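The values are calculated or read from the model by the stated rules, or taken from the named source; none is laboratory data. All of these numbers come straight from a predicted model, not from anything done at the bench. With ideal geometry, Cβ positions are generated from the backbone for all residues, glycine too; neighbour counts draw on all protein chains shown.
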Amino acid sequence: MKNPIEERSYLLNRRAFLSKGSVGIGAAALSSILGTSLLSCNSNSSPASLIQKNSTALSHLHFAPKAKRVIYLFQSGGPSQLDLFDYKPLLEKMRGQELPESIRNGQRLTGMTSGQDSFPLANSLYSFDQYGQSGAWLSELLPYTSRVVDDICMVKSMYTEAINHDPAVTFFQTGSQQPGRPAIGSWLSYGLGSENENLPGFCVLLSRGTGRPFGQPLYSRLWGNGFLHSLHQGVQFRSGKDPVLFLNDPKGMSKQSRRNMLDKVAELNQIQYEETGDPEIQSRISQYEMAYKMQTSVPGLMDISGEPDHIYKMYGPEATQAGTFASNCLLARRLAEQDVRFIQLYHMGWDHHDNLPSAVKKQANDVDQASAALIMDLKQRGMLEDTLVIWGGEFGRTNYSQGLLTDNNYGRDHHPRCFTIWMAGGGVKPGMVYGETDEFGYNIIKDPVHVHDFQATMLHLLGIDHEKLTYKYQGRRFRLTDVHGKVINDLLA
């Protein structure tokens with residue numbers, strides 16, 4: 001076996017010889033990966049200036065797309081479908097009675113209720129009514145959503161395999177309960193690229209609910225790129241002075257100095273790329289360039305002071321308060337206007353194991369007006385038809401009370417077997433209620449929709465066959481929907 005240092009010397013000599021041609025192999029490979037022609041650039045072009053719009057994994061779409069972009073309003077913690085969407089009169093009649101074993105049928109429980117001797121049924125303390133031409137049932141907690149009910153498609157038959165928060169959220173966002181897979185936005189960035197060279201294709205906004213402000217935390221890996229190149233990771237936008245961390249120049253550095261520095265760093269990185277062929281180096285160059293462009297694009301995007309008063313009124317009084325769900329919904333619309341591909345909002349605080357009646361009222365108040373306003377705002381701008389809006393959490397809540405059931409209080413545990421989400425725009429059927437649960441609100445009796453079915457349908461609306469957007473890693477071709485999932489055609493307009 002050759003000495004490793006001597007072997008590397010031989011490799012470098014070969015590379016040095018080949019690179020002395022009119023175009024080195026490294027430069028040709030870089031051109032192929034970037035989707036740009038390095039040969040056509042004049043000799044005065046800097047390496048950084050050659051980093052243009054990245055090539056995409058998909059050379060063409062598999063279907064005619066209905067949606068160009070996605071705004072995902074993820075309600076972290078598991079909203080109670082029984083207190084918001086899924087009206088069950090039987091629970092009123094049987095309040096306090098035991099959940100029949102024939103209904104539960106051995107369903108596994110979390111550690112929080114596995115020790116309970118009793119599982120008393122708990123109806124919602126809030127009234128329900130039917131709205132719109134669809135006649136969809138909605139809780140009194142959602143007065144603004146009731147106004148746009150004919151614009152949304154409500155899916156009451158979602159189910160998942162995970163029963164605890166971390167794996168359940170990870171499952172929805174990455175297609176796997178185990179961490180390490182790319183997020184939905186990363187898959188779309190990889191497959192479709194970005195339509196705006198001055199903003200990331202995958203942006204993330206977080207807000208904390210008032211119902212349970214110190215509830216389940218979220219982790220940045222939920223918008224991570226997994227095994228895809230780091231160029232595809234989500235970029236978190238924050239409230240405060242620095243919307244994106246480490247974006248501003250250090251004090252004393254001029255714009256030209258920054259430009260010169262990036263050009264020199266790009267030259268060094270290109271040399272390293274030609275030696276090693278590591279595509280992650282190209283991703284790093286692109287990230288530096290994106291950060292440079294964002295120095296100009298982000299401040300104007302985040303400054304909502306120029307929005308007219310009627311827009312603030314539409315989104316609600318919290319729209320002017322940075323970091324709130326209402327403010328983030330308004331920012332989501334602005335990002336959509338800039339053709340950001342995937343805009344992920346997380347609203348925390350839905351994990352209501354106790355004191356649910358008061359907590360869920362606060363949470364609903366956080367999101368109801370702004371969610372409806374986003375639909376109306378996109379619609380009045382002609383953007384709803386090609387923007388897919390999604391609202392929902394990682395699982396639902398039980399029909400029985402966790403802990404003591406009283407006349408005015410109860411809690412609900414996690415329930416993966418059935419829950420409700422809704423979608424709007426982007427090619428889904430408006431004014432539709434899909435799926436049905438039993439009269440106890442415990443099991444699905446019609447049209448079940450698995451997490452992977454939901455993901456496959458979402459990709460279909462974007463023009464992608466979910467089985468064909470893959471990435472080979474460690475000898476296996478991975479995809480967002482793992483090894484199964486089907487498009488729910490009944491949801492498509």
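Quick notes
- Selection status of Gly392, within 17 Å of the chain's Cα centre (by Cα) and closer than 20 Å to Gln216 by Cα: yes
- Residues (in a loop (DSSP other than H, G, I, E, B) and either touching a helix residue (DSSP H, G or I) at 6+ places or on another chain (Cβ under 8 Å) or not assigned by TED's automatic domain parsing to the domain that holds Thr170 (or both)) located in region 394-412: Glu394, Phe395, Asn399, Asn408, Asn409, Tyr410, Gly411, Arg412
- Residue match in region 103-126 (condition: closer than 26 Å to Ala493 by Cβ, surrounded by 14 or more Cβ atoms within 10 Å (Cβ to Cβ) and in contact with a His (Cβ under 9 Å, 6 or more places away or on another chain)): no
- Cβ pairs under 8 Å, 6+ apart, first in region 479-490 and more than 15 Å from Asp465 (Cβ to Cβ), second charged (D, E, K, R): Asp490/Lys429; Asp490/Asp447
- Exclusive hit being within 21 Å of the chain's Cα centre (by Cα) and surrounded by fewer than 18 Cβ atoms within 10 Å (Cβ to Cβ), set Gly300, Gly306, Gly323: Gly323
- Of all the numbered requirements in (1) of a type in the set (Gly, Ala, Ser); (2) over 19 Å from Asp83 (Cα atoms); (3) assigned to a helix (DSSP H, G or I), Gly180 misses one, and that requirement is (3).
- Sole residue being within 18 Å of Gln173 (Cα to Cα), in a strand (DSSP E or B), of a type in the set (Val, Ile, Thr) and in the same structural domain as Ser371 (by TED's automatic domain parsing), chosen from Ile464, Ile445, Ile390: Ile390
- Lone qualifier among Gln369, Gln344, Gln402 - being touching an Asp or Glu at 6+ places or on another chain (Cβ under 7 Å) and crowded, with 17+ Cβ neighbours inside 10 Å: Gln402
- Pairs meeting the criteria (first residue in region 312-334 and farther than 11 Å from Val367 by Cα, second residue assigned to a helix (DSSP H, G or I) and of a type in the set (Asp, Glu), beta carbons under 9 Å, at least 6 apart or on different chains) are Met314/Asp377; Leu330/Asp377; Arg333/Asp377.
- Single unsatisfied condition, Gln178 versus (1) in contact (Cβ under 8 Å) with a residue 40 or more places away in the chain; (2) in the same structural domain as Pro357 (by TED's automatic domain parsing); (3) among the polar types (S, T, N, Q): (1)
- Check on Leu480, in a loop (DSSP other than H, G, I, E, B) and either in contact with a Gly (Cβ under 7 Å, 6 or more places away or on another chain) or surrounded by fewer than 17 Cβ atoms within 10 Å (Cβ to Cβ) (or both): yes
- Residues in region 183-216 that are touching a helix residue (DSSP H, G or I) at 6+ places or on another chain (Cβ under 8 Å), among the small types (Gly, Ala, Ser) and part of a loop (DSSP other than H, G, I, E, B): Ala183, Gly201, Gly209, Gly211.
- Of the listed requirements (1) among the β-branched types (Val, Ile, Thr); (2) crowded, with 22+ Cβ neighbours inside 10 Å; (3) touching a Pro at 6+ places or on another chain (Cβ under 7 Å), Ile163 misses just one: (2).
- Selection status of Asn164, in the same structural domain as Asp482 (by TED's automatic domain parsing), at pLDDT below 95 and either polar (S, T, N, Q) or under 17 Å from Val340 (Cα atoms) (or both): no
- The helices (runs of 4 or more DSSP H) found entirely in region 245-355 that carry 2 or more residues being modelled with pLDDT under 80 are 255-276, 279-302.
- Among the residues making up region 107-149, a single one is out of contact with any Leu (no Cβ under 9 Å at 6 or more places or on another chain), under 23 Å from Lys379 (Cβ atoms) and β-branched (Val, Ile, Thr): Val148.
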